[in-house]
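Read the structure below first, then the notes.
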Amino acid sequence: MPPPSEPHLLEHAALRTLFPVLLGLDRTLQARLTRTLQWVQMPREAVLFAAGDACQGFPLLVSGEVQVMRSTPDGHEIELYRIHPGGSCIVSTSCLLGEAAYPARGQALSDVVLAILPHDLFDTLIASHAPFRRYVFGRFAERLAQMMQRVEEVAFRSLTRRIAALMLSVPEDHLEITHEKLAAQIGASREAVSRALKKLEDAGCLKLARGRIDVTDPVRLQAEA
């Protein structure tokens, strides 16, 4: 991770808005937070942490989007979850609580700004500031439930149905993504994703182009989902 940067006033304001659990600290903790919080700016596609890295602190994402990935033994990558501003990284939480190295990789999907809460202050807030403790463990439970649902979908829902549901959920009628990145996002091999996409294209649901997937018949696609 690059050296800390100097935050702007707007970033301080955004931090307070997105993480209200940091409000209401006593004067000593507030001063310690202001003194030790580290601000980091990362460009798109930058790696925030890699598998095997030591976790230096608790990340508070202020802007941008982060993708957390895990490699499989056969060399593929699976997306575990994405972090948006105000969200929590449960991989970082588990590493801090268990004093373990990162088991996954975090990569910026856009330019990001985040503040890093040092490990010792994270421990202090967990122990002494109930709103922060509830936030950390509440988000941990929410994310764990989402990941359990993801495992259930991978285990019991066909790949074609998962792709159809994903395409129906995008705001526009298309998705700019490679087959490899789509495979990582939904937890499948690139080859299997390519076959499922071709099946949906043959059914008239989608149109495939290089790095892009267009929805051509939402009604048929809904039937596939």
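The values are calculated or read from the model by the stated rules, or taken from the named source; none is laboratory data. Computed from a predicted model, the values in this text were never measured in an experiment. For neighbour counting, all protein chains shown are included, and Cβ atoms are generated from backbone atoms with ideal geometry for every residue, glycine included. Heads up: the accessible areas ignore ligands, DNA and RNA and are worked out on the full protein's heavy atoms, side chains in. Shrake-Rupley method; radii C 1.70, N 1.55, O 1.52, S 1.80 Å.
For this structure, a couple of remarks:
- Listed conditions (1) more than 30 Å from ARG150 (Cα to Cα); (2) under 17 Å from the mean Cα position of the chain (by Cα); (3) among the acidic types (Asp, Glu) are all met by GLU65, apart from (1).
- Lone unmet requirement of (1) at pLDDT 90 or above; (2) under 30 Å from PHE19 (Cβ atoms) for LEU144: (1)
- Residue that is nearest to GLU180 (Cα to Cα) [pool: residues in region 201-219 that are of a type in the set (A, V, I, L, M), without any contact (Cβ under 8 Å) to a residue 40 or more places away in the chain and surrounded by 12 or more Cβ atoms within 10 Å (Cβ to Cβ)]: LEU208
- Filter result for ARG190 (in contact (Cβ under 8 Å) with a residue 60 or more places away in the chain, touching a Leu at 6+ places or on another chain (Cβ under 9 Å) and over 27 Å from ALA14 (Cβ atoms)): yes
- Some residue of region 99-111 being in a helix (DSSP H, G or I), touching a residue at least 24 places away in the same chain (Cβ under 8 Å), closer than 18 Å to PHE122 by Cβ and of a type in the set (A, V, I, L, M, F, W, C): no
- Qualifying residue in region 115-126 (condition: under 14 Å from VAL21 (Cβ atoms), in contact with a Gly (Cβ under 8 Å, 6 or more places away or on another chain) and assigned to a strand (DSSP E or B)): yes
- Output for region 16-65, where each listed residue is part of a loop (DSSP other than H, G, I, E, B), within 21 Å of SER128 (Cα to Cα) and either in contact (Cβ under 8 Å) with a residue 60 or more places away in the chain or not charged (D, E, K, R) (or both): PHE19, LEU23, GLY24, LEU25, LEU37, GLN56
- Subset of region 117-139 (residues that are over 20 Å from ARG27 (Cα atoms) and in contact (Cβ under 8 Å) with a residue 12 or more places away in the chain): ARG134, TYR135, VAL136, ARG139
- Output for region 140-178, where each listed residue is open to solvent by 80 Å² or more (accessible area, probe 1.4 Å) and touching a residue at least 60 places away in the same chain (Cβ under 8 Å): GLN146, ARG161
- Residue ID - least open to solvent (accessible area, probe 1.4 Å), chosen from residues in region 13-58 that are among the charged types (D, E, K, R) and farther than 22 Å from PHE140 by Cα: ARG32
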